[in-house]
Amino acid sequence: MIRNASAIYIILADFTLGVLWHLVMLFACIYMPAKTFDRNRWLYQKRKWELEGKLYSKYLKIGKWKDILPQRVGSDGFSKAHFTSTSKEYVDRFIFETCRGEWNHIMNCFYGIVPLVISPLKYGLVFTMLAIIGNVPFIAIQRYNRLRLIKLQEKLDKRREQ
């Protein structure tokens, strides 16, 4: 516990632990089995409250700000910045990457528990809010993109069937 430490020490400790947490989650995300990120799992399913994507486009205006946030290009170089193909394999891979990204950012939100446990309440609350505020926009982007990609994939599947 660092509850009785100086403010600088508490801030440095919480920050350092946050960076380490994020790195561990990143490596876990890279090396976890692909089935963890299967789009059919409960975590990645479309929700009623998303209003078929309108929550993101109409209410959160995600199209106006999503591209200014940084993106991590995967270890294999898969960039989600621009569509390079409409092949089934590419769209499937893109959907997979949205699931992986969402999982990573959800797990990063859980870091907020750590400072609440080890730090004085005022510091714990600040670092918890930083963990949440720093990850929720990325979760929204992943979900928004996945909903759009699934619609695209359904359209492409219909065309292929004709």
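A short reminder: the numbers here are calculations on the coordinates, not readings from a lab. Here the structure is a predicted model, which is why all the values come from computation and not from measurement. With ideal geometry, Cβ positions are generated from the backbone for all residues, glycine too; neighbour counts draw on all protein chains shown.
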- Subset of the stretch 1-48, residues polar (S, T, N, Q) and touching a His at 6+ places or on another chain (Cβ under 9 Å), comes to none
- Considering only the stretch 81-133, how many residues are touching a helix residue (DSSP H, G or I) at 6+ places or on another chain (Cβ under 8 Å), closer than 21 Å to P33 by Cα and among the hydroxyl-bearing types (S, T, Y)? 1
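Condition check ((1) free of Cβ contacts under 8 Å to residues at least 24 places away in the same chain; (2) in contact with a Ser or Thr (Cβ under 8 Å, 6 or more places away or on another chain)) across all residues:
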| position | (1), (2) |
| --- | --- |
| G101 | no, no |
| M107 | no, no |
| L116 | yes, yes |
| K122 | yes, no |
| A131 | no, no |
| F138 | no, no |
| Q142 | no, yes |
| L149 | no, yes |
| K158 | yes, no |
